[in-house]
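Where a number appears in this text, it was derived from the coordinates with a stated rule and is not lab data. As the structure is a prediction and not an experimental result, all values here were calculated from the model. Note that each Cβ is placed from the backbone with ideal geometry, even for glycine, and that neighbours are counted across all protein chains shown.
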Amino acid sequence: MARVKLETPDKFIFSTRIKVRIDDINYGGHLSNDKVLSIVHEARLRFLNSLGFSELDLAGVSIIMADVAAIYKSEGFQGDELEIEIAVKDFTTMGFDIFYKILNLTTGKDLALVKTGIVCFDYKARKVQTVPKEFLKLFT
């Protein structure tokens, strides 16, 4: 079976820490795969906020997630402290990719590498939008 492959970006520009909560744990006793998506969502919000933006106001447009890929490397447990590093790359006219490298600081192991494909979007018109120049210039 073919496995998903992600190329780890060379440069991560933001970092935040999040603790694994008890409701992040599945019946297997470890961090649930779907909760990893919630954790990267929280990290993305913190990242955008650090730049003065939000998911609903990225320099005048909103964003919507178009795709996601995740490679799980190790387990996480309740109380573990995770460091999530973020990189932004692969800009197109309408979107870009955000990469999240998750390190379990408690165990010292890489936990996951996640990529979300982000598209700029107008929720009222229900249409894709161009990446705002104000946001793009932060990365070029």
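Among the residues of region 119-134, how many are aliphatic (A, V, I, L, M), touching a residue at least 24 places away in the same chain (Cβ under 8 Å) and not in a strand (DSSP E or B)? Walk me through how you get there before you give the answer.
Filtering region 119-134 down to residues aliphatic (A, V, I, L, M) leaves 119, 125, 128, 131.
From the residues that got through so far, the ones that are touching a residue at least 24 places away in the same chain (Cβ under 8 Å) too are 119, 128, 131.
Retained after the next criterion (residues that are not in a strand (DSSP E or B)): 131.
So the answer is 1.
When each of 138, 113, 105 is tested for being surrounded by 19 or more Cβ atoms within 10 Å (Cβ to Cβ) and in contact with a Leu (Cβ under 8 Å, 6 or more places away or on another chain), the lone residue that passes is 113. Taking residues in region 1-22 that are on the phi < 0 side of the Ramachandran plot and surrounded by fewer than 12 Cβ atoms within 10 Å (Cβ to Cβ), and partners anywhere that are part of a loop (DSSP other than H, G, I, E, B) and not aliphatic (A, V, I, L, M), the pairs with Cβ atoms closer than 6 Å and at least 6 places apart or on different chains are 22/78.
Would you confirm whether or not region 88-99 contains a residue that is within 18 Å of residue 38 (Cβ to Cβ) and either touching a residue at least 24 places away in the same chain (Cβ under 8 Å) or surrounded by fewer than 14 Cβ atoms within 10 Å (Cβ to Cβ) (or both)?
Filtering region 88-99 for residues within 18 Å of residue 38 (Cβ to Cβ) gives 98-99.
Add one more test, that the residue is either touching a residue at least 24 places away in the same chain (Cβ under 8 Å) or surrounded by fewer than 14 Cβ atoms within 10 Å (Cβ to Cβ) (or both), and what stays is 98-99.
The answer is yes, given that some residue of region 88-99 is within 18 Å of residue 38 (Cβ to Cβ) and either touching a residue at least 24 places away in the same chain (Cβ under 8 Å) or surrounded by fewer than 14 Cβ atoms within 10 Å (Cβ to Cβ) (or both).
Once region 97-118 is narrowed to residues that are touching an Asp or Glu at 6+ places or on another chain (Cβ under 9 Å) and in a loop (DSSP other than H, G, I, E, B), the residue that is farthest from residue 6 (Cα to Cα) is 106. Residue check: residue 83 meets all listed conditions (1) assigned to a loop (DSSP other than H, G, I, E, B); (2) in contact with a strand residue (DSSP E or B) (Cβ under 6 Å, 6 or more places away or on another chain) but one, namely (1). Count of region 65-94 residues, restricted to those that are under 12 Å from the mean Cα position of the chain (by Cα) and either over 18 Å from residue 116 (Cα atoms) or β-branched (Val, Ile, Thr) (or both), is 4. Taken together, the residues in region 33-80 that are in a loop (DSSP other than H, G, I, E, B), of a type in the set (S, T, N, Q) and surrounded by 14 or more Cβ atoms within 10 Å (Cβ to Cβ) amount to 2.
Taking region 48-60 only, how many residues are of a type in the set (A, V, I, L, M, F, W, C), within 18 Å of residue 116 (Cα to Cα) and more than 13 Å from the chain's Cα centre (by Cα)? Final tally of qualifying residues: 3.
Can you tell which of 11, 89 is more than 29 Å from residue 127 (Cβ to Cβ), basic (Lys, Arg) and touching a strand residue (DSSP E or B) at 6+ places or on another chain (Cβ under 8 Å)? Step through it out loud before you land on a result.
On the way: 89 fails: more than 29 Å from residue 127 (Cβ to Cβ).
Among 11, 89, only 11 is more than 29 Å from residue 127 (Cβ to Cβ), basic (Lys, Arg) and touching a strand residue (DSSP E or B) at 6+ places or on another chain (Cβ under 8 Å).
I'd like to check something: does region 69-76 contain any residue that is free of Cβ contacts under 8 Å to residues at least 12 places away in the same chain and out of contact with any Phe, Trp or Tyr (no Cβ under 9 Å at 6 or more places or on another chain)? The answer is no; no qualifying residue exists. Among the residues making up region 23-47, those that are under 12 Å from the mean Cα position of the chain (by Cα) and touching a residue at least 24 places away in the same chain (Cβ under 8 Å) are 36, 37, 39, 40, 42, 43, 44, 46, 47.
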